[in-house]
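Comments concern the structure below.
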Amino acid sequence: LPGGLGDYTVCVDHVVSGGGGCLVFRDGVLVEVREEPSGLIVFDFRGRGSRALPGFADIHVHLRGLGLAYKEDEYTGSAAAAAGCVTLVADMPNTVPELRTPGALAVKLSWLSRLSVVGYAVYAGVPREAWMARVMASQGAAGFKVYPEDVVGGGSRLCAALRAAEEVGLLVVLHPEHPALFSPDWGFLRGLYSRPCEAEAAAVEELAEAMEECGARPRVHVTHVSCPLTAAKAWRHGFTVDVALHHLLADWRFEEAAGWCRAKVNPPLKSHLDVNGLLQELASGRVSCLASDHAPHARQDKNGNPAACAPGFSWLEWWALAAYRMLSRSLGVERAVDLLSREPRRILGAPQAGIEPGGSPSISIVLEDRVDTHPRGYSRGVNNPFHPLPAAVCGATIVRGRLHYLHPGALLAGPGSGEREAPPLH
Ligand SMILES: [Zn+2]
C-alpha cells in the first residue's frame, strides 16, 4: 500500500467536540459521516475515548537528512510524525549543507518528495548571496528561516530574503536570540546568563528594524519563544508566535535533574517565572500555536562537555499527543485543536484539515482514555529527556484522506506518500 489505505471506515466516540460517528472513505475521499459502519474494512475505536481531530501540524521540526542522515532522515522523521498523529511537518534548513542556495534547496525538496510519509513544508535559509533569494522563493519553500547569525550579519542578503518573502507571500520565521547579548556558555544556568530573555526580545526588535530599513513587510512568525516578554513584543509588531512544548514543561532546574547535555536546548530552559508567564500568555490567547522543535541527535552528539554537546530534543512520535492531553484538559478540545492544527496550518499557508464530507482531510484519531509513555522507535533520535511523559494514544493517522498509520505501530504508507502542503503542489 505505497500510498496508504483509501477505502475504509473509521468509527469514533467524538468528531472534534461533537458526537460520535463513522467516517466512510472511498478512494481517499470522506464520502459520509454515518451512525453505523459501512464497507469491508472497518476500524471501530468506539468505547475507547476516541476522538477524530483536524490533523495535527508541527511548524518546527528538524528532519535532518542530507549530510546528517545518521541522526535522522526524511523517512524516519516523517514516520515518527505519522506514529505521533502529526499529519504535517515543516522542516528547518540548518542541514549539511545548509539550505542557503537554490541547489541545496532543490536537493532537499526532492528527498522530501521521495521519502516523506506525511504532508510537509520546508523553509529555506537566508541565501548565501542576495540574488538567490528570488530564485529560492519560487522553488517551493514555505518561507525563509532567520537564524541568530542572520539577524546581525544578514545585511543585503537578509533584505533580499525579506523582500522576496513579501513578494511571493512566503513566511519569515525568526529564531529569536540576539548573539550580541550572549555570554560565555559554561553549561549551567544557560537560560539565565548565557542566552537570557533579553537576547530574545532584542532579536525581535532587530528584525522589526531590519524590515523598516529594507522597506519589506512579509508575514513574520517568531518560533520557540521561551520568555513571556518575547511574545508580548512579537504581538506588538503583528508577528505570530509559537512556543515549544518543553518551554512549558520545565525550567532550568530540570537541567540538573536530567543532566546538562540531555536537557540542553536552544533557546535554553528559563526560570519558573518565565514558564508561568508563558502559560499565562497561552491561556490569554497570545500564543498562536505549539511546536516540537524536534531535533534528533545520535548518542555521541549528546555526550561530553555541556558547552559543546548538541542542543535539542527528539520527540516527534510523542509531543503532540502529550500536548493534546495537557491542552484539552486545561483549555478544552477546540482550543487544543486551534493550537495544534488550525493555527499552524494557517500560519504556514497550508490547507485546513476540516472534517467535512466531500474532501480529503488529514485527521488525527486520538484515544483519550488511555495513556502512552513509549515512543514506537521510528525516529533515529535518542535524546528525549522527558520520557516517560503521559500522552494520549494515537489510534490512527489519516493524511489527506488516506490511512497512513494504525495503532499500535503499523505504518500503512510508504516513502513518498506525503505531499508538499505549503505552498500547495496543486
Ligand atoms: Zn529548531
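The values are calculated or read from the model by the stated rules, or taken from the named source; none is laboratory data. Since we're looking at a predicted model, the values are computed, not measured. Every residue, glycine among them, receives a Cβ derived from its backbone with ideal geometry; neighbour counts consider all protein chains shown.
If you go through segment 4-30, how many residues are surrounded by 16 or more Cβ atoms within 10 Å (Cβ to Cβ) and part of a strand (DSSP E or B)?
Counting residues in segment 4-30 that are surrounded by 16 or more Cβ atoms within 10 Å (Cβ to Cβ) and part of a strand (DSSP E or B) gives 15.
To keep it simple, each residue is scored yes or no on (1) touching a strand residue (DSSP E or B) at 6+ places or on another chain (Cβ under 9 Å); (2) in contact (Cβ under 8 Å) with a residue 60 or more places away in the chain.
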site: L189; (1), (2): no, yes
site: L192; (1), (2): no, yes
site: P196; (1), (2): no, no
site: V204; (1), (2): yes, no
site: R217; (1), (2): no, no
site: H221; (1), (2): yes, yes
site: H224; (1), (2): yes, yes
site: P228; (1), (2): no, no
site: A234; (1), (2): yes, no
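Filter segment 31-40 for residues that are farther than 22 Å from P408 by Cα and of a type in the set (A, V, I, L, M, F, W, C); which is surrounded by the fewest Cβ atoms within 10 Å (Cβ to Cβ)? Give the derivation first.
The initial filter retains those residues of segment 31-40 that are farther than 22 Å from P408 by Cα, namely 31-36, 38-39.
Checking which are of a type in the set (A, V, I, L, M, F, W, C) leaves us with 31, 33.
Working: V31: 16, V33: 18.
Residue satisfying both the conditions and the ranking: V31.
Please enumerate the residues belonging to segment 169-212 that are within 30 Å of P423 (Cβ to Cβ), within 16 Å of the ligand (Cβ to nearest atom) and either out of contact with any Leu (no Cβ under 9 Å at 6 or more places or on another chain) or charged (D, E, K, R) (or both).
Correct list: V173, H175, E177, E200.
Taking the conditions exactly as written (of a type in the set (S, T, N, Q), farther than 22 Å from P176 by Cα and buried (at least 24 other Cβ atoms within 10 Å of the Cβ)), does S341 satisfy them or not? Step through it out loud before you land on a result.
Working: of a type in the set (S, T, N, Q): yes; farther than 22 Å from P176 by Cα: yes; buried (at least 24 other Cβ atoms within 10 Å of the Cβ): yes.
So S341 fits the description; yes.
Could you figure out which of (1) assigned to a loop (DSSP other than H, G, I, E, B); (2) modelled with pLDDT under 95 isn't true of S360?
Checking S360 against (1) assigned to a loop (DSSP other than H, G, I, E, B); (2) modelled with pLDDT under 95, the one that fails is (2).
Let me confirm something: among V204, V173, which residue is modelled with pLDDT of 95 or more, part of a helix (DSSP H, G or I), under 22 Å from the mean Cα position of the chain (by Cα) and buried (at least 20 other Cβ atoms within 10 Å of the Cβ)? Even if it seems obvious, please write down each step before you answer.
On the way: V173 fails: part of a helix (DSSP H, G or I).
The match here is V204.
Could you check segment 215-292 for helices (runs of 4 or more DSSP H) lying wholly inside it with 1 or more residues that are over 20 Å from A203 (Cβ atoms)?
Per the criteria, 246-249, 253-258, 272-283.
Can you say whether V152 is in a helix (DSSP H, G or I), more than 20 Å from A244 (Cβ to Cβ) and at pLDDT below 95, as far as the supplied structure shows? Show your work before the answer.
Details: in a helix (DSSP H, G or I): yes; more than 20 Å from A244 (Cβ to Cβ): yes; at pLDDT below 95: yes.
Judged against the criteria, V152 is a match.
If I filter segment 228-256 down to residues being of a type in the set (K, R) and modelled with pLDDT of 95 or more, which single residue comes out as surrounded by the fewest Cβ atoms within 10 Å (Cβ to Cβ)?
R236
Taking segment 46-84 on its own, how many of its residues are assigned to a loop (DSSP other than H, G, I, E, B) and either aromatic (F, W, Y) or within 16 Å of the ligand (Cβ to nearest atom) (or both)? Explain how you work it out, then say what you get.
The initial filter retains those residues of segment 46-84 that are assigned to a loop (DSSP other than H, G, I, E, B), namely 46-49, 55, 62-65, 69-73, 84.
Next, from what is left, pick out any that are either aromatic (F, W, Y) or within 16 Å of the ligand (Cβ to nearest atom) (or both): 62-65, 70-72.
Selection size over segment 46-84: 7.
Name, by its number, the condition in (1) crowded, with 24+ Cβ neighbours inside 10 Å; (2) within 16 Å of the ligand (Cβ to nearest atom); (3) of a type in the set (V, I, T) that does not hold for V96.
(1)
Within segment 295-316, can one find any residue that is within 25 Å of Y75 (Cα to Cα), within 16 Å of the ligand (Cβ to nearest atom), of a type outside the set (S, T, Y) and assigned to a helix (DSSP H, G or I)?
Within segment 295-316 (the criterion being within 25 Å of Y75 (Cα to Cα), within 16 Å of the ligand (Cβ to nearest atom), of a type outside the set (S, T, Y) and assigned to a helix (DSSP H, G or I)), the answer is yes, since at least one residue qualifies.
List the number of the failed condition for V225; all other conditions in (1) within 19 Å of I347 (Cβ to Cβ); (2) surrounded by fewer than 23 Cβ atoms within 10 Å (Cβ to Cβ); (3) under 25 Å from the mean Cα position of the chain (by Cα) hold.
If we test V225 against (1) within 19 Å of I347 (Cβ to Cβ); (2) surrounded by fewer than 23 Cβ atoms within 10 Å (Cβ to Cβ); (3) under 25 Å from the mean Cα position of the chain (by Cα), just (2) comes out false.
If a residue must be small (G, A, S) and either under 19 Å from the mean Cα position of the chain (by Cα) or crowded, with 24+ Cβ neighbours inside 10 Å (or both), how many such residues does segment 41-68 contain?
Let us first name the residues in segment 41-68 that are small (G, A, S), namely 47, 49-50, 52, 55, 57, 65, 67.
This time we only want the ones that are either under 19 Å from the mean Cα position of the chain (by Cα) or crowded, with 24+ Cβ neighbours inside 10 Å (or both), so: 50, 52, 55, 57, 65.
Final tally of qualifying residues: 5.
Does any residue in segment 375-387 that is closer than 23 Å to E255 by Cα and free of Cβ contacts under 8 Å to residues at least 24 places away in the same chain come within less than 7 Å, Cβ to Cβ, of a residue that is polar (S, T, N, Q) and outside any loop (DSSP other than H, G, I, E, B) six or more places away or on a different chain, and which pairs are these?
Pairs that qualify, where the first residue is closer than 23 Å to E255 by Cα and free of Cβ contacts under 8 Å to residues at least 24 places away in the same chain and the partner is polar (S, T, N, Q) and outside any loop (DSSP other than H, G, I, E, B): there are none.
Have a look at T87, T101 and point out the one that is touching a residue at least 24 places away in the same chain (Cβ under 8 Å), away from the ligand (no atom under 16 Å from the Cβ), among the hydroxyl-bearing types (S, T, Y) and surrounded by 24 or more Cβ atoms within 10 Å (Cβ to Cβ).
T87
Taking the options L331, L425, name whichever one is closer than 18 Å to L245 by Cα, aliphatic (A, V, I, L, M) and surrounded by fewer than 21 Cβ atoms within 10 Å (Cβ to Cβ). Lay out the reasoning, then the answer.
Working: L425 fails: closer than 18 Å to L245 by Cα.
After applying the criteria, what remains is L331.
Going by what's in this entry, would L245 be described as within 22 Å of the chain's Cα centre (by Cα), aliphatic (A, V, I, L, M) and within 16 Å of the ligand (Cβ to nearest atom)?
For L245, the condition - within 22 Å of the chain's Cα centre (by Cα), aliphatic (A, V, I, L, M) and within 16 Å of the ligand (Cβ to nearest atom) - is met.
Does K270 fit the bill of being touching a residue at least 60 places away in the same chain (Cβ under 8 Å), away from the ligand (no atom under 16 Å from the Cβ) and in contact with a Cys (Cβ under 7 Å, 6 or more places away or on another chain)? Before you say what the answer is, go through the steps one by one.
Numbers: touching a residue at least 60 places away in the same chain (Cβ under 8 Å): yes; away from the ligand (no atom under 16 Å from the Cβ): yes; in contact with a Cys (Cβ under 7 Å, 6 or more places away or on another chain): yes.
Taking the combined requirement at face value, the residue satisfies it.
With respect to the numbered conditions (1) assigned to a strand (DSSP E or B); (2) under 29 Å from H221 (Cα atoms), which one is the sole condition not fulfilled by E368?
Exception for E368: condition (2).
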